[in-house]
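What follows draws every value from the coordinates through simple rules; no lab data is involved. Here the structure is a predicted model, which is why all the values come from computation and not from measurement. Cβ placement follows ideal geometry from the backbone for every residue including glycine, while neighbour counts extend to all protein chains displayed.
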Amino acid sequence: MSFFGFGQSAEIDIVLDGTDGRKKADIKTEEGKKERHLLYYDGETVAGKVNVTLKKPGSKLEHQGVKIEFVGQIELYYDRGNQHEFTSLVKELARPGELVQNTSYPFEFSNVEKPFESYTGSNVRLRYFLRVTIVRRLSDIVKEMDIVVHTLSSYPDMNNSIKMEVGIEDCLHIEFEYNKSKYHLKDVIVGKIYFLLVRIKIKHMEIAIIKRETTGSGPNTFTENETIAKYEIMDGAPVRGESIPIRVFLAGYDLTPTMRDINKKFSVRYYLNLVLMDEEDRRYFKQQEITLWRKGEKTRKNLQTSSSTSPQMPHLVQGGDGPHNHHDVNAPHAIEDMKREDEEDKLVGGGDGSARKKQVSEADQGNE
């Protein structure tokens, strides 16, 4: 981006080294369009050259110095006047003087720390860019060039399955299980729903992937929910003992890794939302957080042969906190109540080891 001022007589061009062999990645703009920029990773060197071209041959350009900056910046859309820079490196390319001909300046930012992934969301943007400034008395000449940064992770040491029993007291008890709690961005979610008790007439069940973006803090906290994908996994009334399989492929969706408290400015989390609808069109749901991470391309072949949590494994994988793959209807369980969409108080936690249940009155069941 250039800022043109009175008397501007030069153009700036930034050329990065190794562009032919470097991958590019898409990233959204604020308007929702996609742009492609060169892709970098944490610790990689960013180097190249800055070309300054005089618009009129034979003219001269007086300046108070030429500099290039590497910037990592978070911008909250509700606070656009304050950009929060978490990385800022500066190199002087030229001392104050005059330019009388087209000039090229080499630069190098060695082993640059890039701790966070590039991200454009509903209320926040995290970007990395190079900025060249020719300092002048009246109006600086500025050129910016964006790059995209991806953060890579390795297979998690612990990746337990998710298993929970939820329901409505004396009306519905179901058990859902997902094979893992952490998935890479090209993974497959494998799971199943097991009906332990069915005394209400269910006509429909679906599962959705929800992205929740939280920005700010205190009174300036904003939360934005986006449904990334939605699948119908059952149509019709289930019976006691029935099992419904789940298989969700993540590769086709625009996902990012889970981001928690990035520079104390924002978070991006993902949830699996299980929704049931009865014949009176009352909807009950239960959300479960999952962790998404980006797998490095270079180590993919080695990890596929050694991983015990392969996304192609057809059966559910238990995490190591005890065998829970067999269903015993008579065994005691801690039951969490499902949440009805129009009642905020239906969700009851069950993590204290005892059955914590919330009664649903006959009026609740019949008067909506």
Going residue by residue through the range 115-122, the Karplus relation 6.51 cos²θ - 1.76 cosθ + 1.60 with θ = phi - 60° gives ³J(HN,Hα) values, rounded to whole Hz and with x marking Gly or Pro, of x, 10, 7, 4, 7, 10, x, 6
Computed curve, the range 88-220, Cα-only Debye sum without solvent term, log₁₀ I(q)/I(0) at 0.11, 0.12 Å⁻¹, is -0.74, -0.81
Computed from the beta carbon distance with a Förster radius of 30 Å, FRET efficiency for Glu108 and Glu62 to the nearest 0.05 stands at 0.65
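If r is the Cβ-Cβ distance from Thr87 to Arg283 and R0 is 56 Å, what FRET efficiency results, to the nearest 0.05?
Calculated value: 0.80.
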Expected unfolding gain across Lys230-Lys264 under the 0.36 nm per residue rule, minus the alpha-carbon gap, is 9.2 nm
Residues whose built amide H sits under 5 Å from the amide H of Gly296, excluding neighbours closer than 5 in sequence, are Ser153
Taking every C-alpha to C-alpha distance in the range 1-105 and binning by 10 Å from 0, the per-bin percentages run 11, 33, 35, 21, 1
Rounded to two decimals, the Debye log10 I(q)/I(0) of the range 45-100 (Cα scatterers, no solvent) at q = 0.26, 0.32 Å⁻¹ is -1.04, -1.27
The ³J(HN,Hα) series, computed from each phi in the range 98-105 with the Karplus coefficients 6.51, -1.76 and 1.60 at θ = phi - 60°, rounded to the nearest Hz and given as x for glycine or proline, is 10, 9, 10, 8, 4, 9, 10, 10
Under 5 Å from the placed amide H of Lys180, counting only residues 5+ away or on other chains, we find Ile162, Val190
